Amino acid sequence: MYKIDLNCDMGESFGSYVQGNDEEMMKYITSANIACGYHAGDPHVMRQTVKLAKKYDVAIGAHPGYPDLMGFGRREINCTSEEIQDYILYQMGALREFARAYDMRINHCKPHGALYMRAMEDEKVARAILEALHKIDSEMIVFAVNNSAMLHEAIRMGVPVAKEGYSDREHREDGNLILTRKSTTITDYEAMANRVVRMVKDKKVITFDEKDADIDVQTICIHGDTSGAPELAQAIVKALKKADVEIVNTKSILA
């Protein structure tokens, strides 16, 4: 039986700003990446998101980013390794206490935005993140894209890693992600769902420049702020079940 985790970036509302469609998305996913207040989110939203994950039996993970609320964590910030570790520890510590309040445990970490993309290409940044995670929990899973510095460093350091693909973003030929600042508009849910099935079962994906590339995935991201995200998630779940793919969280896949 093929298995896949479906993850979604969540808890990205803050103050009077509403972002995403968290409760509706919780119905379809198995892992929630929860913003920790640096690029988005606030204490009240973090609590509410953890509570929703508990309600829908969704594994929770931290979604830490650069301290860049104005730029939504999508701007590069020049940091030392020690500063990056402190940012990770600070944000995960905040989420951990909300998790403890609901008798839950942080399952994974998926860095956000510019920090995530930098870690995919920069071994020093990847090591800083991984070292911070190891200090917290040696069994903490990190998400990483194919053929990335984060993936290679996690394997070298013995950190559990789940390879990530994207349902609603474009891939490069090496399996890495094309970072965009704007969400895409979905017009063909079935085609995108079938692309996910192909990534899981055939380990293939059509790239942004129309090439057929190899990809290996244990988790698929569906962005909650993408237009039509709940409908896409529903289509993906339907297509995966039809293709006899079991939808479970990463802990079950990597066990």
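Values as computed for the structure displayed
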{"item": "Per-residue HN-Hα couplings for the range 35-45 [Karplus 6.51, -1.76, 1.60; θ = phi - 60°; Hz; x = Gly/Pro]", "result": "4, 10, x, 8, 9, 5, x, 8, x, 5, 5"}
{"item": "Taking all pairs of distinct alpha-carbon atoms in the chain, Kirkwood radius in angstrom", "result": "17.9"}
{"item": "Solvent-accessible area, 1.4 Å probe, carbon plus sulfur percent, for the chain", "result": "48"}
{"item": "Amide H within-cut-off set for residue 39, under 5 Å, with H built and near neighbours excluded", "result": "65, 68"}
{"item": "Antiparallel %, DSSP beta bridges [both residues in the range 144-255], to 5", "result": "40"}
{"item": "By average C-beta atoms within 10 angstrom, highest first, the peptides 239-245, 116-122", "result": "116-122, 239-245"}
{"item": "Protection proxy ranking of 157-163, 108-114, 37-43 - average other beta-carbon atoms within 10 Å, highest first", "result": "108-114, 37-43, 157-163"}
{"item": "Potential extension, residue 238-residue 23 segment - 0.36 nm per residue separation minus Cα distance", "result": "75.5 nm"}
{"item": "Dipole magnitude of the chain about its Cα centre (Cβ charges: Lys, Arg +1; Asp, Glu -1), debye to nearest 20", "result": "520"}
{"item": "Rg/Rh for the range 69-161, where both radii come from Cα atoms and Rh is the Kirkwood radius", "result": "0.96"}
{"item": "Under-5 Å amide H pairs with residue 10, H placed in peptide plane, nonlocal only", "result": "33, 34, 35"}
{"item": "Cβ-derived FRET efficiency at R0 41 Å, residue 208 paired with residue 69, nearest 0.05", "result": "0.90"}
{"item": "Whole-angstrom gap from the range 191-255 to the range 130-156, using each part's C-alpha centre", "result": "22"}
{"item": "Where the chain is the region considered: accessible area per residue in Å², 1.4 Å probe", "result": "45"}
{"item": "Label-reachable residues, the range 100-128, where backbone N falls under 13 Å from a point 7 Å from residue 77's Cα toward its Cβ", "result": "112-116"}
{"item": "Where labels lie 7 Å past Cα in the beta-carbon direction, separation of residue 86 and residue 135 in nm", "result": "1.1"}
{"item": "Relative contact order (%) - the chain, alpha-carbon pairs under 8 angstrom, separation at least six", "result": "23"}
{"item": "All lysines inside 27 Å of residue 55 as judged from Cα atoms, apart from same-chain residues fewer than 8 positions distant", "result": "3, 27, 110, 163, 238, 241, 242, 251"}
{"item": "Long-range HN-HN contacts of residue 146 with modeled amide H, under 5 Å", "result": "164"}
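The values are calculated or read from the model by the stated rules, or taken from the named source; none is laboratory data. Remember, it's a predicted structure, so these values are computed and weren't measured experimentally. Methodologically, a virtual Cβ is constructed for each residue, glycine included, from the backbone with ideal geometry; neighbour enumeration extends over all protein chains shown. These accessible areas exclude ligands, DNA and RNA; they are computed on the full protein's heavy atoms, side chains included. Shrake-Rupley method; radii C 1.70, N 1.55, O 1.52, S 1.80 Å.
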